[in-house]
Amino acid sequence: MFLNQETFCTIIDNTPLISIDLIVKNHQGQVLLGKRNNPPAKNFWFVVGGRIRKNEKIADAFIRLTHQELGQSFSLNKARFIAPYQHFYDDSILGDDIATHYVVLAYELVVDDLNDLPIEQHSDYRWFDIDELMIDIEVHQYTKDYFKE
């Protein structure tokens with residue numbers, strides 16, 4: 001369900017958003033990160049993912065988000081649930097004066113063959129070794145949190 005901007009603004013300003021983050025790994029153990037085009041976390045390397053829509057089942061959201069974010073659809077049964085997380089930002093897609101709160105369901109997905117990754121949400125993609133992303137100042141802290149022991 002798509003919302004008009006006024007309704008969406010009210011929701012972001014007053015409630016948490018529920019999302020899925022995809023910790024996409026290849027068989028070498030590297031993690032796929034995208035350089036974010038939009039706030040929050042604009043210009044940071046971040047895992048891919050997105051919001052779950054009203055009346056959308058988690059399994060359906062997973063298929064939609066993998067298609068939108070990776071250019072290929074994957075089913076939820078191909079992933080491993082990691083844990084829930086919370087992300088708090090001082091800004092939002094609607095501007096600097098509205099904070100964003102996400103309740104994130106993090107899933108790990110192992111894939112090797114990704115071609116033609118979409119550039120709507122991310123300007124670039126890279127495979128990172130975990131040790132590398134943990135020390136890179138352009139990788140967002142919330143992404144690093146997925147790899148803390």
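Evaluate the following for Ala41: is it part of a helix (DSSP H, G or I) and surrounded by 15 or more Cβ atoms within 10 Å (Cβ to Cβ)? No.
Based on this model, can you work out whether His122 counts as under 16 Å from the mean Cα position of the chain (by Cα), at pLDDT below 95, surrounded by 11 or more Cβ atoms within 10 Å (Cβ to Cβ) and of a type outside the set (Lys, Arg)? Working first, answer last.
Numbers: under 16 Å from the mean Cα position of the chain (by Cα): yes; at pLDDT below 95: yes; surrounded by 11 or more Cβ atoms within 10 Å (Cβ to Cβ): yes; of a type outside the set (Lys, Arg): yes.
Yes, satisfied.
Got at least one residue in segment 87-97 being within 16 Å of Ile23 (Cα to Cα), touching a residue at least 40 places away in the same chain (Cβ under 8 Å) and not aliphatic (A, V, I, L, M)?
So in segment 87-97, the residues within 16 Å of Ile23 (Cα to Cα) come out as 87.
Next, only the ones that are touching a residue at least 40 places away in the same chain (Cβ under 8 Å) stay: 87.
Filter once more, keeping what is not aliphatic (A, V, I, L, M): 87.
Checked against the condition, which is being within 16 Å of Ile23 (Cα to Cα), touching a residue at least 40 places away in the same chain (Cβ under 8 Å) and not aliphatic (A, V, I, L, M), segment 87-97 yields at least one hit.
Considering segment 54-84, and only residues there that are out of contact with any Pro (no Cβ under 7 Å at 6 or more places or on another chain) and among the polar types (S, T, N, Q), the residue that is surrounded by the most Cβ atoms within 10 Å (Cβ to Cβ) turns out to be Thr66. Are any of the residues in segment 130-137 surrounded by fewer than 15 Cβ atoms within 10 Å (Cβ to Cβ) and in contact with a Lys or Arg (Cβ under 6 Å, 6 or more places away or on another chain)? There is at least one residue in segment 130-137 that is surrounded by fewer than 15 Cβ atoms within 10 Å (Cβ to Cβ) and in contact with a Lys or Arg (Cβ under 6 Å, 6 or more places away or on another chain). Would you check if there is a residue in segment 24-36 being under 25 Å from Cys9 (Cβ atoms), charged (D, E, K, R) and either open to solvent by less than 70 Å² (accessible area, probe 1.4 Å) or not in a strand (DSSP E or B) (or both)? Checked segment 24-36: at least one residue is under 25 Å from Cys9 (Cβ atoms), charged (D, E, K, R) and either open to solvent by less than 70 Å² (accessible area, probe 1.4 Å) or not in a strand (DSSP E or B) (or both).
Pairing each residue of segment 122-149 that is assigned to a loop (DSSP other than H, G, I, E, B) with any residue that is β-branched (Val, Ile, Thr), provided the two are 6+ apart or on different chains, yields C-beta distances under 6 Å for Tyr146/Ile23; Phe147/Ile130. Looking only at residues in segment 24-45 that are of a type in the set (A, V, I, L, M) and out of contact with any Lys or Arg (no Cβ under 9 Å at 6 or more places or on another chain), the one that is farthest from Phe88 (Cα to Cα) is Val24.
For segment 101-119: of the residues being surrounded by 15 or more Cβ atoms within 10 Å (Cβ to Cβ) and touching a His at 6+ places or on another chain (Cβ under 7 Å), which is nearest to Tyr146 (Cα to Cα)? Within segment 101-119, the match that is nearest to Tyr146 (Cα to Cα) is Val104.
Given the criterion part of a loop (DSSP other than H, G, I, E, B), of a type in the set (Asp, Glu) and at negative phi, identify the matching residue among Asp60, Asp113.
Exactly one residue qualifies, and that residue is Asp113.
Output yes when any residue across segment 85-100 is exposed (fewer than 13 other Cβ atoms within 10 Å of the Cβ), under 15 Å from the mean Cα position of the chain (by Cα) and at pLDDT 95 or above, and no when none is. Within segment 85-100 (the criterion being exposed (fewer than 13 other Cβ atoms within 10 Å of the Cβ), under 15 Å from the mean Cα position of the chain (by Cα) and at pLDDT 95 or above), the answer is yes, since at least one residue qualifies.
The values are calculated or read from the model by the stated rules, or taken from the named source; none is laboratory data. Just so it is clear, the model here is predicted, and its values are computed rather than measured. We place every Cβ from the backbone using ideal geometry, glycine too, and count neighbours over all the protein chains shown. Just the protein is used for accessible areas: all its heavy atoms, side chains included, with ligands, DNA and RNA removed. Shrake-Rupley method; radii C 1.70, N 1.55, O 1.52, S 1.80 Å.
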